[in-house]
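Below is one structure; the comments refer to it alone.
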Amino acid sequence: MTRAVVADDSHFMRSVISDILDDGGIDVVAQARNGKEAVEAVREHSPDVVTMDVEMPEMDGIEAVERIMDEQPTPVLMLSAHTDENADVTFQALDKGAVDFFTKPGGEVSMEMSRLEDQLVEMVSSVADAGVDSGGRDTDTTPTSESATTESRDGAQYVDRPTLLIGSSTGGPKMVERVLSQLPLEADFRVLIIQHMPDGFTGRFADRIDSRSDYDVREANDGDRIGGGEALVAPGDSHMVVSNYHAGRLRVKLTDDPPVNSVRPAVDMTMSSAAEVIDDPMVGVILTGMGEDGAAGIKSIKAVDGVTLAQDEETSAVFGMPKRAIETGYVDDVLSIGEIPDGILGAIAPDRQEVN
């Protein structure tokens, strides 16, 4: 049975979360009123997972995550209120080593948490299975510095007008940032990113990637158009579909159609629409995440002779989405997160295109 520590400064929220987890078959071995108590509880009970509030007295969630990763690395799921300030703080916690986050509902909290209880139990269980290392480093040992890939990229030639589509979920934000930060601008991708993330967080996510990448990255608006060297992040609670493609520029449309694979935005929606509209080279990538979203999208991209990649199990926080994509039989290569940037570039090299 999965063993959890629940940390929140609200007695009411601790009780609600603990009851939901207990009812879902997760053993809550300890509760903590602040970050200091959470660190002590991890030290004493060695749980499989910690749910961590962001704002707490004495020691906040960010410092607690950092301490836990330094002393006794344990998967942490941040529970964050849905505010702009908490969005910034939550991403700081991810930088410190937290695996993912779950947004606490506002309003009638007990009723809302009850509605979301299955999702919370599933996410806590998935995060508990995530691999963590000291300081929040992932388990991949492939060199990731610029020097590790410079030799293969210097003077590289790429096909014209490639489109890159990246789908991810649990554990994905840091992986997406990592991939985009290592893609050279001269590859001239049009990039579409679909990360399962609530509304209010995707804008901050896009800003973070933009600051870490040579690409111009922003959260998508309805009707946005992009060309080479630009990237769009699907906004939370909206599907992003490719509505038009002409002369190397693509246009997206945002919809509030029902969730697909129980999520919105859905990777399948974006990838499948891209396959219908785009007639230039495409690369589809599925990174870490729970569920099966992206498997149908990968099949769609492969059906129009695109190149498809998936993150391997060892470096995935949660191997659900990559595994489902691989099981379709339409994934060309399974790579570690450190190998994926060069895998993407290799997919649009002229020699690879000639082989395909």
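In the range 315-356, what residues are modelled with pLDDT of 95 or more and charged (D, E, K, R)?
Correct list: Lys323, Arg324, Glu327, Asp332, Asp333, Glu339, Asp342.
Filtering the range 291-302 down to residues that are in a loop (DSSP other than H, G, I, E, B) and modelled with pLDDT of 95 or more, which residue is surrounded by the fewest Cβ atoms within 10 Å (Cβ to Cβ)? Write out each step before concluding.
As a first pass, look at the range 291-302 and keep what is in a loop (DSSP other than H, G, I, E, B): 291-294.
Subsequent filtering for residues that are modelled with pLDDT of 95 or more retains 292-294.
Values: Glu292: 18, Asp293: 29, Gly294: 34.
Checked the range 291-302; the qualifying residue surrounded by the fewest Cβ atoms within 10 Å (Cβ to Cβ) is Glu292.
So, in the range 31-83, exactly how many residues are of a type in the set (Asp, Glu), within 15 Å of Arg14 (Cα to Cα) and at pLDDT 95 or above? First the steps, then the outcome.
Let us first name the residues in the range 31-83 that are of a type in the set (Asp, Glu), namely 37, 40, 44, 48, 53, 55, 58, 60, 63, 66, 70-71.
Filter once more, keeping what is within 15 Å of Arg14 (Cα to Cα): 37, 53, 55.
The next check asks that each one be at pLDDT 95 or above; those that pass are 37.
Residues in the range 31-83 being of a type in the set (Asp, Glu), within 15 Å of Arg14 (Cα to Cα) and at pLDDT 95 or above: 1 in total.
Which numbered condition trips up Val65, out of (1) touching a residue at least 24 places away in the same chain (Cβ under 8 Å); (2) surrounded by fewer than 23 Cβ atoms within 10 Å (Cβ to Cβ); (3) of a type outside the set (Ser, Thr, Tyr)?
(2) is the only condition that Val65 fails.
Any residue in the range 184-208 that is outside the structural domain of Gly227 (by TED's automatic domain parsing) sitting within a Cβ distance under 8 Å of a residue that is at pLDDT 95 or above? List the pairs, counting only those 6 or more apart or interchain.
Going by the 8 Å Cβ cut-off, there are no qualifying pairs.
Report, by residue number, each residue of the range 250-280 that is crowded, with 17+ Cβ neighbours inside 10 Å and among the acidic types (Asp, Glu).
Once the filter is applied, which keeps residues that are crowded, with 17+ Cβ neighbours inside 10 Å and among the acidic types (Asp, Glu), the range 250-280 yields only Asp268.
Would you confirm, using the coordinates I've provided, whether Gly25 is at positive phi and not aromatic (Phe, Trp, Tyr)?
On the way: at positive phi: yes; not aromatic (Phe, Trp, Tyr): yes.
Against the criterion (at positive phi and not aromatic (Phe, Trp, Tyr)), Gly25 qualifies.
Look at Ala4 and say whether it is closer than 25 Å to Asp118 by Cα, touching a Leu at 6+ places or on another chain (Cβ under 8 Å) and either hydrophobic (A, V, I, L, M, F, W, C) or surrounded by fewer than 17 Cβ atoms within 10 Å (Cβ to Cβ) (or both). Reasoning before the result, please.
Numbers: closer than 25 Å to Asp118 by Cα: yes; touching a Leu at 6+ places or on another chain (Cβ under 8 Å): yes; either hydrophobic (A, V, I, L, M, F, W, C) or surrounded by fewer than 17 Cβ atoms within 10 Å (Cβ to Cβ) (or both): yes.
Judged against the criteria, Ala4 is a match.
Can you tell me which residue in the range 179-202 is surrounded by the fewest Cβ atoms within 10 Å (Cβ to Cβ), limited to those that are part of a helix (DSSP H, G or I) and in contact with a helix residue (DSSP H, G or I) (Cβ under 8 Å, 6 or more places away or on another chain)?
Filtering the range 179-202 down to residues part of a helix (DSSP H, G or I) leaves 179-181, 185-187, 202.
Subsequent filtering for residues that are in contact with a helix residue (DSSP H, G or I) (Cβ under 8 Å, 6 or more places away or on another chain) retains 179-181, 187.
Details: Val179: 25, Leu180: 23, Ser181: 16, Ala187: 22.
Of everything passing the filter in the range 179-202, Ser181 is surrounded by the fewest Cβ atoms within 10 Å (Cβ to Cβ).
The values are calculated or read from the model by the stated rules, or taken from the named source; none is laboratory data. Computed from a prediction, not measured in an experiment: that's the story for all the values here. In this analysis, Cβ positions are derived from the backbone assuming ideal geometry, glycine residues included, and neighbour counts consider all displayed protein chains.
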